[in-house]
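Following: one structure in structure tokens, then a few remarks.
The values are calculated or read from the model by the stated rules, or taken from the named source; none is laboratory data. Computed from a predicted model, the values in this text were never measured in an experiment. Neighbour counts are summed over all protein chains in view; Cβ atoms, including those assigned to glycine, are modelled from backbone coordinates with ideal geometry. Side chains are part of the model used for accessible areas, which takes the heavy atoms of the whole protein and leaves out ligands, DNA and RNA. Shrake-Rupley method; radii C 1.70, N 1.55, O 1.52, S 1.80 Å.
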Amino acid sequence: MRKIAFINEKGGVGKTTSTVNVGGAIAESGKKVLMVDIDKQCYLTRFTGLRSGIDYAEDKTVNELLHGTVTAQDVIVQRSKNLWVIPSSTALAESEYGLFLKLGRERLLANALADVGKFDYILLDCPPSLGLMTVNALAYANEVVVVMQPEPSSLQGFDHLLKTFAAIKGAINADIDVTGVVCSMIERKKVHGTIFDHLKANLGDKMFKTTIPSRAAFIEASGQGKTIGEYKPSSDEAKLVRQLAAEVMKRKPK
Ligand SMILES: Nc1ncnc2c1ncn2[C@@H]1O[C@H](COP(=O)(O)OP(=O)(O)OP(=O)(O)O)[C@@H](O)[C@H]1O
Ligand SMILES: [Mg+2]
């Protein structure tokens with residue numbers, strides 16, 4: 001079972017969109033995928049079309065899971081063929097402090113998901129910070145995919161991210177590695193190309209070959225609670241995402 005956290009402490013770079021669409025494409029290929037929304041903004045829950053009180057109970061989310069009042073089986077929702085989701089809750093905003101005071105606070109998610117069951121892939125959509133939620137994801141995952149927008153300001157943030165990642169690897173989870181870096185929301189600007197080349201020169205084959213362009217179809221799909229593969233199955237966007245998913249699937253670390 002591969003457990004992959006999608007991270008970047010920078011906000012709005014396409015982490016959630018990438019998690020949902022890569023997950024959707026992996027599920028399309030016949031593998032069983034569980035996506036875990038650990039962000040109090042709940043965008044993954046929303047982008048996958050799950051509605052509180054209809055598709056899942058308001059009090060059966062990752063929030064209760066972390067507090068230990070429900071089990072993994074209580075909060076897993078089958079969303080479509082081969083695709084399951086653990087929804088998040090905005091209540092996580094208030095309750096995070098309580099989690100912070102708990103003993104073993106870094107491993108709350110890992111412990112709660114110990115009996116999660118059989119999935120081929122577990123994808124964790126992290127919030128845009130390296131706070132307690134992301135640390136919990138990194139304590140549980142064995143791989144990281146960094147999602148970034150190749151803007152000049154991203155480079156500095158990226159160095160910081162790698163340093164923090166190395167610190168977390170040393171302190172909490174020696175078994176975690178960076179599987180790859182995906183450039184998302186690429187505009188046809190020259191600066192993007194230059195930064196991409198710079199990243200490629202520094203990261204070598206850690207960079208995924210496939211990049212995700214900035215296109216309205218991604219926003220429209222999420223707005224309808226669909227993956228890009230469901231929304232526009234034969235579009236260029238869906239093809240690119242399948243290509244990226246194939247790279248992720250092929251790149252089995254260690
Ligand atoms: N490839 C894309 N093309 C166009 N718009 C995109 C693309 N990917 C994401 N977006 C849009 O950009 C916004 C931010 O994307 P997303 O929520 O995936 O980023 P994020 O990194 O998860 O953000 P946060 O840090 O807040 O969690 C959303 O409105 C989303 O629909
Ligand atoms: Mg997000």
Subject >> Amide H contacts of residue 123 (H built 1.01 Å from N, under 5 Å, at least 5 apart or other chain) >> reply: 4, 34, 35, 36
Subject >> Theoretical FRET efficiency, 1/(1+(r/R0)^6), r = Cβ-Cβ of residue 1 and residue 187, R0 30 Å, to 0.05 >> reply: 0.25
**OP:** Using only alpha carbon pairs under 8 Å that are at least six residues apart, calculate the relative contact order of segment 164-242 and give it in whole percent.
**Re:** 27
Subject >> Sequence-distant residues sharing a close amide H with residue 186 (under 5 Å, placed H) >> reply: 212, 214
Subject >> Phi to ³J(HN,Hα) by Karplus 6.51 cos²θ - 1.76 cosθ + 1.60 over segment 139-145, Hz, x for Gly, Pro >> reply: 6, 9, 6, 10, 9, 10, 10
Original post:
So, in nm, how far is label residue 29 from label residue 224 when the simple model puts each one 7 Å beyond its Cα toward the Cβ?
Top reply: 2.4
Original post:
Ranked by accessible surface with a 1.4 Å probe, highest first, in what order do 51, 107, 188 come?
Top reply: 188, 51, 107
Subject >> Packing rank of 60-72, 13-25, 232-244, where each peptide gets the mean count of other beta carbons within 10 Å, highest leading >> reply: 13-25, 60-72, 232-244
**OP:** Give me the percent of the accessible area of the chain that comes from carbon and sulfur atoms, probe 1.4 Å, all protein chains in place.
**Re:** 53
**OP:** At a Cα cut-off below 17 Å, give the aspartates and glutamates reachable from residue 250, other chains included and same-chain residues fewer than 8 away excluded.
**Re:** 28, 120, 143, 177, 205
**OP:** When a/c is below 1.5 the answer is rounded, else prolate if a/b is larger than b/c, else oblate, so apply that to segment 2-250 with a ≥ b ≥ c taken from the square roots of the Cα gyration tensor eigenvalues.
**Re:** oblate
Original post:
Shape of segment 1-131 from its Cα gyration tensor (a ≥ b ≥ c, root eigenvalues): rounded if a/c is under 1.5, otherwise prolate when a/b > b/c, or oblate?
Top reply: rounded
Subject >> Size of charge dipole - segment 163-232 - debye, nearest 20, with Cβ of Lys, Arg +1 and Asp, Glu -1, no other charges >> reply: 280
**OP:** Can you tell me the dipole magnitude for segment 2-250 around its Cα centre, using point charges on the Cβ only (Lys, Arg +1; Asp, Glu -1), in Debye to the nearest 20?
**Re:** 580
Original post:
So, in Å, what gap is there between the alpha-carbon centers of segment 180-232 and segment 88-134?
Top reply: 26
Original post:
Hey, what did the chain get for relative contact order, percent, Cα under 8 Å, at least 6 apart?
Top reply: 28
**OP:** Go through 151-157, 195-201 and give me the packing order, highest mean Cβ count within 10 Å leading.
**Re:** 195-201, 151-157
Original post:
Listed here are the pairs 3/60; 32/163; 3/226; 15/209; 10/60; which of them are more than 24 Å apart at the Cα?
Top reply: 32/163; 10/60
Subject >> Positive dipole terminus of the chain, leading residue within 57, 91, 221 (C-beta point charges) >> reply: 221
**OP:** Report the full-extension gain for the segment residue 102 to residue 71: residue separation times 0.36 nm, less the Cα-Cα distance, to one decimal in nm.
**Re:** 9.4 nm
**OP:** Could you go through segment 91-107 in sequence order and give the Karplus-derived ³J(HN,Hα) for each residue, using 6.51 cos²θ - 1.76 cosθ + 1.60 with θ = phi - 60°, rounded to whole Hz, and x for Gly and Pro?
**Re:** 4, 4, 4, 7, 8, 4, 5, x, 5, 4, 7, 6, 5, x, 4, 6, 10
Subject >> Cβ-based charge dipole, the chain, positive-most Cα from 134, 243, 17 >> reply: 243
